[in-house]
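Participant: Here's a structure for you.
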Amino acid sequence: MPNTTDPALLERLRELFEARDRDHMQPTIDALRDVLAEHADDPHVLYEVGGAYDTAGEEETAAGFYERALDAGLSGDTLRRCLLQYGSTLRNLGRFDESLAALDRALEQFPESESVRVWHALSLHAAGRSDAAVAELMEVAVDGIRTPDLQRYQAAIRGNAEYLRSLDASR
């Protein structure tokens, strides 16, 4: 199934997303379920429904919609967001290996995404791999914080990150 190209549908999804009340997600879920009834196999619709359930704290339901969205053929930035959110949801469900697999896939396809790198570190930490998590966050910091103070220590930060990662790998 190709990605959604219908601008009207994408606009409708955007409007529903922007109108959501994160503390009261049922109206958004209901509205998205109506859209889903019209576009049952659309990957963007499936992704947005998953995200609404995720925001509502219904991670098991969200995971199923994320899986369906991924199977339906997401690409581009929506794929990045879906993999990140799916990995986060799996982490919240205690499914750490699956979480890391989803986030590893996201890192492979979107290596420059700071958000994916941060969520990957969070899942590493949740999986008991704190050394690798700290290493990843150190690299995110040195790659993204461009101050003379931090850049002065760039080589040392990267060296320490590599050392921490080696500790994790040796376990």
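Participant: Quick one: angle between helix 43-55 and the longest Cα principal axis of the chain, in degrees between 0 and 90, rounded to 10, please.
Facilitator: Between the helix axis and the principal axis of the chain, the angle is about 70 degrees.
Participant: Then there is this: Please give me the summed charge of the neighbours of Asn160: other residues whose Cβ is under 11 Å from its Cβ, Lys and Arg +1, Asp and Glu -1.
Facilitator: -1
Participant: Under the rule of -39500 (n - 2.57) per DSSP H run of 4 or more residues, summed and divided by the residues of the chain, what mean residue ellipticity at 222 nm is obtained, to the nearest 500 deg cm²/dmol?
Facilitator: -24500 deg cm²/dmol
Participant: So for the chain, what percent of the C-alpha to C-alpha distances run longer than 24 Å?
Facilitator: Cα-Cα pairs of the chain separated by over 24 Å account for 43 percent.
Participant: In terms of the ratio Rg/(2.2 N^0.38 Å) built on C-alpha atoms, what value belongs to segment 1-74?
Facilitator: Here the answer is 1.00, to two decimals.
Participant: A further question follows. In degrees between 0 and 90, to the nearest 10, how far off the longest principal axis of the chain does helix 154-169 point, with axes built from Cα atoms?
Facilitator: The angle comes out at about 80 degrees.
Participant: Would you tally the net charge around Ala63, using a Cβ to Cβ cut-off of less than 13 Å, leaving Ala63 out, and scoring K and R as +1, D and E as -1?
Facilitator: Residues close to Ala63 contribute a combined charge of -4.
Participant: For helix 114-126, report the angle its Cα long axis makes with the longest principal axis of the Cα atoms of the chain; keep it between 0 and 90° and round to the nearest 10°.
Facilitator: With both axes taken from Cα atoms, the answer is about 80 degrees.
No lab work stands behind these numbers, since they all come straight from the coordinates. Keep in mind it's a predicted model, so treat the numbers as computed, not measured. Backbone-built Cβ (ideal geometry, glycine too); neighbour counts: all protein chains shown.
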